[in-house]
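Read through the structure below, which is laid out as structure tokens, and then see the notes.
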Amino acid sequence: MSYYEDTRAAFRRGETAVVERLSREELARARGSADVDAEVEALCMLARVAVRGGDVSEGRRLGREALELARRAGRRRLELAPTHILAGSARISGDLASARTLYAESIALSEEFGNADRVVMEMHNLAYVEWHAGDVDRARELFTMTCRRALEQGIDDFLPYVTLDAAIVAEIDGDHVHAARLLAAAESALATLGQILDPDDAIEQKELRGRLVTALGPDGFDAAYATGAGLGLREALGG
């Protein structure tokens, strides 16, 4: 496996210390050999580590450093990961205006380079920005579109994320029981995969669970949750 594949897999498993060690080693190697591509990627992985550890300011600093490096090199494709990092950091910090702009830039870059999967992922992220900004109709549209495209394009490793999106849509529609079932299906799938969510989505997951417990009551939530825990993701999504 490549450095990126190794560290991304470790990050999804929650092995943050491993990611940091590998990324610092890769950063030193990249700088020693003037490997700009690798340097940008290592900086972005270290930014992810910082954000997961709660240091969003450091995550943004590293993301800006990576983006500036990509721009100095004149490599637009290298701007993809830093732009995504900066958008996520802005989203977590509540800077919704910046997050909206950065996700739009990331979507445009992804379309420019034919990365259809990344377009879907950034639409998912933008949906949360619009939802927190109060544009519920736009958020619902994006959540629904993201889920449909993930199923149609076979982006299987992203299905836990869009299942959470579908849970948000169910909550918006007032169907808290269905939302709890979808949350259960997503969390069960992640547990089976041995993965945890990216930091921004982990916040959404935790807050959704809290709202559903409040809406249904602890017993009602547990009952609804139990009916979704054994569902496959495509079954839960009706796909």
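The values are calculated or read from the model by the stated rules, or taken from the named source; none is laboratory data. Just so it is clear, the structure is predicted and the values come from calculations on it, not from any experiment. Note that we place each Cβ from the backbone using ideal geometry, even for glycine, and neighbour counts take in every protein chain shown. In case anyone asks, the SASA skips ligands and DNA or RNA and just uses the protein heavy atoms, side chains included. Shrake-Rupley method; radii C 1.70, N 1.55, O 1.52, S 1.80 Å.
One table, with the values for the structure above:
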quantity	calculated
Selection from the range 192-239 of residues that are closer than 29 Å to residue 44 by Cα and either among the hydroxyl-bearing types (Ser, Thr, Tyr) or not in a loop (DSSP other than H, G, I, E, B) (or both)	192, 193, 199, 200, 201, 202, 203, 204, 205, 206, 207, 208
Index of the failed condition, residue 227 passing every other in (1) among the polar types (S, T, N, Q); (2) touching a residue at least 12 places away in the same chain (Cβ under 8 Å); (3) closer than 28 Å to residue 54 by Cβ	(3)
Residue 20 farther than 20 Å from residue 194 by Cα, of a type outside the set (Gly, Ala, Ser) and part of a helix (DSSP H, G or I)	no
Complete set of residues in the range 106-115 that are touching a residue at least 24 places away in the same chain (Cβ under 8 Å) and either open to solvent by 50 Å² or more (accessible area, probe 1.4 Å) or hydroxyl-bearing (Ser, Thr, Tyr) (or both)	106, 110, 112, 113, 115
Residue 25 vs. criteria more than 23 Å from residue 105 (Cα to Cα), assigned to a helix (DSSP H, G or I), at pLDDT below 95 and open to solvent by 70 Å² or more (accessible area, probe 1.4 Å)	no
Residues satisfying the stated conditions in the range 144-164, i.e. aliphatic (A, V, I, L, M) and either part of a helix (DSSP H, G or I) or open to solvent by 10 Å² or more (accessible area, probe 1.4 Å) (or both)	145, 150, 151, 159, 162, 164
Check on residue 185, in contact (Cβ under 8 Å) with a residue 40 or more places away in the chain, within 17 Å of the chain's Cα centre (by Cα), surrounded by 18 or more Cβ atoms within 10 Å (Cβ to Cβ) and farther than 21 Å from residue 115 by Cβ	no
Residue 14 vs. criteria of a type outside the set (Val, Ile, Thr) and in contact (Cβ under 8 Å) with a residue 60 or more places away in the chain	yes
Subset of the range 165-182 (residues that are part of a helix (DSSP H, G or I) and closer than 13 Å to residue 211 by Cα)	167, 168, 170, 171, 172, 176, 177, 179, 180
Hits in the range 73-83 - residues which are free of Cβ contacts under 8 Å to residues at least 40 places away in the same chain, open to solvent by less than 50 Å² (accessible area, probe 1.4 Å) and out of contact with any Leu (no Cβ under 7 Å at 6 or more places or on another chain)	73
Residue within the range 55-62 that is in a helix (DSSP H, G or I) and either aromatic (Phe, Trp, Tyr) or crowded, with 24+ Cβ neighbours inside 10 Å (or both) present	yes
